[in-house]
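Worksheet: one structure, shown below.
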């Protein structure tokens, strides 16, 4: 089967540059896809780093100016994996140049930026997707199937956390290379955009719109040295962010993200409680889904730990045999596979830029509520 | 060793009447105590039920009017285990009659009632205690020791839940015998006073005062039949209650109680995250404490599940041998033991009525915030 | 309801004396029973200890010679809770005296002793029961119901462990008061009779007869000081004991007991794998049953953790409310309740002395196989 | 950095052909290695299948006769991933042709075959390795470090299981394509060589030689249809295999493998109990190591669940960030990385063919003991 090539130009070479590059290479080896990604070029301001990255991942060429990348006629798709403050400018320009677009999350540093990005891809009528990769965890894809089948009945509660502990030390500097997530001018916000955005995208996908929130944020360490200048400066980001709220379906919301939860590395959790069933999941054991079914025989009801490695679990037929788990990077591979499958049918794979904007509306409401100490209605 | 007798008069014969009676009988068998409780009388309006209860638990006599019980000179201590709307009146009268006082939680239906009760026992200068029994879970007593030893450093986060699912069915009636917890005129509130009060007492004990809250409550099923009349009536209680907030020590609060979390029977959970350590616990496996110590060697850090059954764990030397767990009712036995130990030294065992009032201040703030949609400062 | 009294005479005042006494007192408070145990007398050679014990538990009198106890006409039932080397003599004499008999496990130090005991109670035609208390763990009682209902289909595998770590230190002395379990002349054997006997009784009850075994034992520490003399002496017991084997139903057996499994206090585990279902359980979380049902929908199959605290779980209606766990001593309470219920119907409650003998046949085969290095057929 | 090429010729295109090919491709992207594998040719009897496989994984060419593959001068290394009955012949021929050798496990169908293979590679003095991939699970590599550091003290017990359930149905055919593992003439044995071999290799690596065993095997379903002929034939393999035994260091062994343990897909477990520490692990959550350290403060001792995803855990610095787990296939990637690292230093990476032979000596003893019903000494 001769596959069509899809020529990829990547902007960024950090952590996300690696996960995306790996996904482009692995997806066609494990999934039967109408397109095969070709790694045409990677773009980074520093030519040496771009070269090293290109050599490692097999990119055919490098660029040091994203504008040059966008102008290249041999590139079909621009993948934006650079820091948050560059997303809007690059994506809008790429859309105008008619490129397909993949963009790391959060889409914009705020909903204003994100809305412009949505407008740009819609004007250009070009395929677009945001890398909210956790939608492609097989356990969560299964959970969505179960929800869509109506197995949960009326939903009462949805709660979700993203707990980390890597910024507790006062000695950790802020800003600059590798530490831009601690600089709100680059990142847009702290954990709200970095972590809570994942919780929110997942919640919108599984449980529908969030309508209102009452939030609080906290910055535990008020000053840190800058990684480049060494100067002590006020910390501009939120270290922790939490909210209570309501979903459009009447269920309650309880969300929290922090980088100060000692003992948790990347503990993204979620739990949903419905009339007839409940489920929970966490990223530290991502290959398991916990499920409680009230329709089970009364004396045998309990929480079931489903090891999501069977052939009839989403995505898993393509991998190994039952009992053998996959890891974090597979979520990106699945997302590429779904994107290419959709492309083959001239369809779009979610989450689109529009879906990314919906997340930014919620994170904007969270930040506003934390500031104003009021309930905030979520825009849409 | 000749022990002094402590003559007990119990008001109420329901679920809590059983746990208390069992505790009075078991405490002296397993703990070496200066006093031995003698079950003098149980009081219930229905004489037949009082008799049956008395016979089962070995009460020497019955009363059908609590005022008669209080007047008896052969009673040293009144234990109030009747519905919430009777707490204040009975306790205040008993205090005036010079009796020692034990009272089921919540102390009052609100802080106004609770304050009058505190005033009464303080005026009478009589020993008093509220049955916030979970302070005597060995795992939590150990946790408090660890906190007091400074092992956690600065505290960043405290979160706690109490999740049940027993009121999800629309067919469940409200009010009347055994169902007064669904009638706010009797109970004071719904899950806020019934469940969240436990979370709050524990938090105040472990992490100090809560200063402000932003809360929401929800009543999912708006009308239920009354258990006696069969008439459909508006539901007056909160089915779910949650809040975000702040502790006096600067840590963030995240609390939730509900009777609509399918799959959870009595899942009281708590987690505390400090600079140097974290811990978590839940009631479904109450004999375990999860503990994370950042001072462990880096590559060997992890959450430790400590099976709290060893002789050097609080209360456990009195029970069996390592590895053999205790159950729910033991928390009441421990509380009686502590009360009697303290009495032997002319001291009071916490939580006192004053401690009970502190909880009611928080629950009042929660209910007010949920109603007003504002942040509320907690009184003290 | 006026209950008949059942007058109890207890021999022994150690760990098991406490669990039995507690059970006699608690059973009638929580279960509706035709008989009420009355604690008539406790017997111990040391009068002071007997007095202290009697005072604590409410025994009406003491004896210092078990023969005197047996002769008393005001005693209906003799409960043998003294060290293993006394079981046979006391039980046989008590049977001849026409007493009902309860006996701690193992029944005899070997099957020869046990057989004589069985013959004695059968000749006397007196109710008899062995304290294999774990049959009354609600989770395991439920498991037996599920097995009896045919939910597992053909059984392929049964495995069970009893892992402790309390004898690892070389400094632990052997023999004498409180340490007779390390003296084979008193105990009969080491872990084989002390721990493995529990695994075996449970297995026979759940999965039927064991037909043949190939076993090994190990004594890791060859010499220990005697607790009384201080003299270094050879260790006579087995520290660890394991076997492979076959059940009469064709399933395979895999058993192990040890006091050298660092990190395990009293980890009694079992797992049974059938054609249609599997289950597992362990004593460290005795209120949970893990259950896998192959008839579940394919993509939702998983191990379910059933929190055995609901009203439709065996024994649990008598205790608290769903979600609230019980502890170790409840198994003895349940056993007393079942014994008295059976007595009310002139029936016997299992495990009888005959059942205790069946266990001793297996432990004898295990010890023989370990010694002979041959497969051994289990007598019956 | 210009890397040297290592030209690979693969024999076999099944499950293991995929895991190996993926490892050759992924290793150099995540690890800094002196050699880069080049996928020169894949060999399969069926040319169409070989072509499809080559296209998917990027092999430059195909062969349909492994002899032709071996003769090619552009091949440096032969990777034997074909059914067990072909291992010896191919490997011995390849060694004679001077090729480096990787071979799937078990090395031979029995120790006789394996010994010839060892002799061949030693005569040729060529690098050789067996794909006992689980040695490269980061959690187990960490465990070995801990053992080597003497943290466990004297070892008392080692136990290990490999539990599957995929052959329970009587309708499953045996033999032929994809089902050769049920044909002992091809596979050598059933679960003993397929599963138990993994348990044994791991045990030898972690705990040293096994000296003697008493074993049993069972074939639950005696006849199955052949997948090609449809004819009902006797089942020749062992469905379950278990043994007790002793290690050279004096610790006890308890091993079991089966394909009839309902509810377990690929539950490879191990536990090691030492004087000072214990550890356990299972493949269903391969990114976790459970560790108990007796040197912890007494009241804080417990089993720690270490999430093996930090930069100071073996292999993990090359992957993502703390908290993000890897999957099954990573063990093969690590093994290729280690092989190439060793090659760069002119060293060999374990497990060598000699190590593979050591496993076969144990499996031969297990099968002999099961047949003879005697204890068997393990050859060496």
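The values are calculated or read from the model by the stated rules, or taken from the named source; none is laboratory data. Quick caveat: nothing in here was measured; it's all calculated off a predicted structure. Cβ atoms come from the backbone with ideal geometry, glycine included; neighbour counts cover every protein chain shown.
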Among the candidates D:349, D:337, residue that is touching a helix residue (DSSP H, G or I) at 6+ places or on another chain (Cβ under 9 Å), surrounded by 17 or more Cβ atoms within 10 Å (Cβ to Cβ) and not in a loop (DSSP other than H, G, I, E, B): D:337
Residues located in segment D:215-237, provided they are within 23 Å of the chain's Cα centre (by Cα) and farther than 29 Å from residue C:296 by Cβ: D:215, D:216, D:217, D:236
Boolean, residue A:314 is touching a residue at least 12 places away in the same chain (Cβ under 8 Å), within 23 Å of residue A:143 (Cβ to Cβ), assigned to a loop (DSSP other than H, G, I, E, B) and more than 14 Å from chain D (Cβ to nearest Cβ): yes
Residue count for segment A:352-380, restricted to those that are part of a loop (DSSP other than H, G, I, E, B), within 14 Å of chain B (Cβ to nearest Cβ) and out of contact with any strand residue (DSSP E or B) (no Cβ under 7 Å at 6 or more places or on another chain): 2
Within segment B:239-264, considering residues that are within 14 Å of chain C (Cβ to nearest Cβ) and outside any strand (DSSP E or B), the one surrounded by the fewest Cβ atoms within 10 Å (Cβ to Cβ): B:263
Residue C:190 closer than 24 Å to residue C:271 by Cα and either surrounded by 24 or more Cβ atoms within 10 Å (Cβ to Cβ) or out of contact with any helix residue (DSSP H, G or I) (no Cβ under 8 Å at 6 or more places or on another chain) (or both): yes
Residue list for segment D:317-328, filter: under 21 Å from the mean Cα position of the chain (by Cα) and either surrounded by fewer than 24 Cβ atoms within 10 Å (Cβ to Cβ) or part of a helix (DSSP H, G or I) (or both): D:327, D:328
Residue list for segment B:56-79, restricted to those being out of contact with any strand residue (DSSP E or B) (no Cβ under 8 Å at 6 or more places or on another chain) and part of a loop (DSSP other than H, G, I, E, B): B:73
Residues (in a helix (DSSP H, G or I) and over 23 Å from residue B:27 (Cα atoms)) located in segment C:1-55: C:47
Filter pass, residue C:145 being under 30 Å from residue C:284 (Cβ atoms) and without any contact (Cβ under 8 Å) to a residue 24 or more places away in the chain: no
Segment A:169-188, residues that are out of contact with any strand residue (DSSP E or B) (no Cβ under 8 Å at 6 or more places or on another chain) and touching a residue at least 60 places away in the same chain (Cβ under 8 Å): A:178, A:180, A:185, A:186, A:187, A:188
Residue list for segment A:185-238, filter: in a strand (DSSP E or B) and either within 26 Å of residue B:215 (Cβ to Cβ) or within 14 Å of chain B (Cβ to nearest Cβ) (or both): A:210, A:211, A:212, A:213, A:214, A:215, A:216, A:217, A:218
Pick from segment C:158-180, criterion touching a helix residue (DSSP H, G or I) at 6+ places or on another chain (Cβ under 6 Å) and away from chain D (no Cβ under 14 Å), ranking: farthest from residue C:15 (Cα to Cα): C:174
Positions within segment B:166-184 being outside any loop (DSSP other than H, G, I, E, B) and under 22 Å from the mean Cα position of the chain (by Cα), in sequence order: B:180, B:181, B:182, B:184
Filter result for residue B:79 (at pLDDT 95 or above and under 17 Å from the mean Cα position of the chain (by Cα)): yes
Residue D:12 being more than 14 Å from chain A (Cβ to nearest Cβ), on the phi > 0 side of the Ramachandran plot and buried (at least 21 other Cβ atoms within 10 Å of the Cβ): yes
Residues (without any contact (Cβ under 8 Å) to a residue 12 or more places away in the chain and out of contact with any helix residue (DSSP H, G or I) (no Cβ under 7 Å at 6 or more places or on another chain)) located in segment A:301-311: A:301, A:302
